[in-house]
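Scroll down for the structure; my scribbles are underneath it.
The values are calculated or read from the model by the stated rules, or taken from the named source; none is laboratory data. Nothing here was measured: the structure is a model prediction, and the numbers come from that model. In this analysis, Cβ positions are derived from the backbone assuming ideal geometry, glycine residues included, and neighbour counts consider all displayed protein chains.
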Amino acid sequence: MDGQLTTRMTFEKTMVVTDDLAPKHMAGQGINVLSTPELIRFVELCALEGVRPYLRDGQDTVGTEVNIKHLAGTPMGMRVTARCTLVGIDRRRLSFTFEVHDELDKVGEGTHDRFIMEKDRQQQRLREKVARWKDTTRQSGN
């Protein structure tokens, strides 16, 4: 890691809720709010972008766990802010608590873990997995 990641560091990200962040299956019912999957993606992005400056070249993080309570809807056009606090560092595992607020209410809270990985090693593992998968599908005739 470059720099020093320490517990209690807080990272923040703000965005405006747009139509493409709403649950598509509910659009016909007039429910145009920030969807839960997009809320999760937003929290992950806040944590990811927060820690990236502290990583060495060739490192990145991947999400491994999210525990979320989606407390309230956020309508289109409203700003929403995620605040992720680094609460634990266990070798390469980073643990966060988070809160998400729109312009009026707290709309989400929970925990999130990320794992620091070496991009080259991860790419090699993925290539090996794809090769195993292709061998398996060839053998089964699919």
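If you take the residues of the stretch 27-71 that are under 17 Å from the mean Cα position of the chain (by Cα) and among the small types (Gly, Ala, Ser), which of them is modelled with the lowest pLDDT?
35
Hey, among 60, 135, 113, 102, which residue is more than 21 Å from residue 12 (Cβ to Cβ) and of a type in the set (D, E, K, R)? Before the answer, list the steps.
On the way: 60 fails: more than 21 Å from residue 12 (Cβ to Cβ); 113 fails: more than 21 Å from residue 12 (Cβ to Cβ); 102 fails: more than 21 Å from residue 12 (Cβ to Cβ).
Exactly one of 60, 135, 113, 102 is more than 21 Å from residue 12 (Cβ to Cβ) and of a type in the set (D, E, K, R), namely 135.
Quick one: would you say residue 141 is touching a residue at least 60 places away in the same chain (Cβ under 8 Å), of a type in the set (Gly, Ala, Ser) and surrounded by fewer than 17 Cβ atoms within 10 Å (Cβ to Cβ)?
So residue 141 does not fit the description; no.
In the stretch 15-122, which strands (runs of 3 or more DSSP E) lie fully inside it and hold 3 or more residues that are free of Cβ contacts under 8 Å to residues at least 60 places away in the same chain, surrounded by 13 or more Cβ atoms within 10 Å (Cβ to Cβ) and touching a Gly at 6+ places or on another chain (Cβ under 8 Å)?
Result: 59-70, 93-102.
Looking only at the stretch 89-108, count how many residues are under 19 Å from residue 51 (Cα atoms) and either among the hydrophobic types (A, V, I, L, M, F, W, C) or in contact with a strand residue (DSSP E or B) (Cβ under 9 Å, 6 or more places away or on another chain) (or both).
The number of residues fulfilling the criteria is 11.
What do you reckon, is residue 7 surrounded by fewer than 15 Cβ atoms within 10 Å (Cβ to Cβ), in contact with a Leu (Cβ under 7 Å, 6 or more places away or on another chain) and at pLDDT 95 or above?
yes
Please work out if residue 47 is closer than 23 Å to residue 4 by Cβ and of a type in the set (Gly, Ala, Ser).
Yes; evaluated as a whole, the condition is true for this residue.
Need the failing condition index for residue 136 against (1) part of a helix (DSSP H, G or I); (2) modelled with pLDDT of 95 or more; (3) hydroxyl-bearing (Ser, Thr, Tyr), just the number.
Checking residue 136 against (1) part of a helix (DSSP H, G or I); (2) modelled with pLDDT of 95 or more; (3) hydroxyl-bearing (Ser, Thr, Tyr), the one that fails is (2).
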